[in-house]
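Taking it in order: structure first as structure tokens, then the write-up.
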Amino acid sequence: MVLLLTPYLTFHGKCEEAFEFYARVFGGGKTVFVRRENNPNNPIMHATITFTKYDGCIMGADIEGAVVISGMAICFVLPSRKVIEEVSEKLAEGGTLVQEFLPHPVPHDNDGGAEVLDKFGYTWYLST
């Protein structure tokens with residue numbers, strides 16, 4: 001049995017914008033948006049992106065009231081330093097590159113990671 005943990009992100013009216021941004025950052029994927037009464041003017045009740053370029057999925061929704069992000073980060077394992085550098089640059093657009101790629105100490109110095117705070121307030125750890 002494989003256990004998959006999937007981040008479920010919440011937004012205040014920005015879910016569709018955020019998920020379109022994440023799809024571009026991570027190289028596309030199948031994005032599904034569900035709205036109340038299938039009305040395009042209603043907020044997103046549920047969204048899913050299944051990334052096609054890398055294994056991964058995120059889900060989310062618009063919520064009423066304030067979005068509070070506290071003590072949580074999203075870790076995404078990617079295949080190489082080059083990919084992490086490319087993704088972190090894109091993910092930092094409108095946000096902050098908190099830590100550019102930092103290799104692990106020898107003998108694991110081909111592995112490492114970066115940290116990004118995106119424009120929607122989520123922290124991402126990108127790791128090999």
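Summary table below
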item	result
Residue in the stretch 17-24 that is basic (Lys, Arg) and open to solvent by less than 70 Å² (accessible area, probe 1.4 Å) present	no
Tally of residues being farther than 19 Å from VAL77 by Cα, in contact with a strand residue (DSSP E or B) (Cβ under 8 Å, 6 or more places away or on another chain) and open to solvent by 60 Å² or more (accessible area, probe 1.4 Å) across the stretch 1-12	1
Residue among LYS30, LYS82 that is out of contact with any His (no Cβ under 6 Å at 6 or more places or on another chain), under 20 Å from THR128 (Cα atoms), free of Cβ contacts under 8 Å to residues at least 40 places away in the same chain and of a type in the set (D, E, K, R)	LYS82
Single unsatisfied condition, THR48 versus (1) open to solvent by 60 Å² or more (accessible area, probe 1.4 Å); (2) within 16 Å of the chain's Cα centre (by Cα); (3) without any contact (Cβ under 8 Å) to a residue 24 or more places away in the chain	(1)
Selection count, the stretch 85-128, where residues are in a loop (DSSP other than H, G, I, E, B) and either of a type in the set (Val, Ile, Thr) or more than 23 Å from LYS14 (Cα to Cα) (or both)	9
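Yes or no, residue by residue, for (1) open to solvent by 80 Å² or more (accessible area, probe 1.4 Å); (2) touching a Lys or Arg at 6+ places or on another chain (Cβ under 6 Å); (3) within 21 Å of THR48 (Cβ to Cβ); (4) not aromatic (Phe, Trp, Tyr):
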residue: GLY71; (1), (2), (3), (4): yes, no, no, yes
residue: CYS75; (1), (2), (3), (4): yes, no, yes, yes
residue: LYS82; (1), (2), (3), (4): yes, no, no, yes
residue: LYS90; (1), (2), (3), (4): yes, no, yes, yes
residue: GLY95; (1), (2), (3), (4): no, yes, no, yes
residue: ASP111; (1), (2), (3), (4): no, no, no, yes
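The values are calculated or read from the model by the stated rules, or taken from the named source; none is laboratory data. In this text the structure is predicted, and so the values were computed from the model without any measurement. As a convention, Cβ positions derive from the backbone with ideal geometry for all residues, glycine included, and neighbour counts pool all protein chains shown. Protein only, heavy atoms only, side chains kept; ligands, DNA and RNA dropped before computing areas. Shrake-Rupley method; radii C 1.70, N 1.55, O 1.52, S 1.80 Å.
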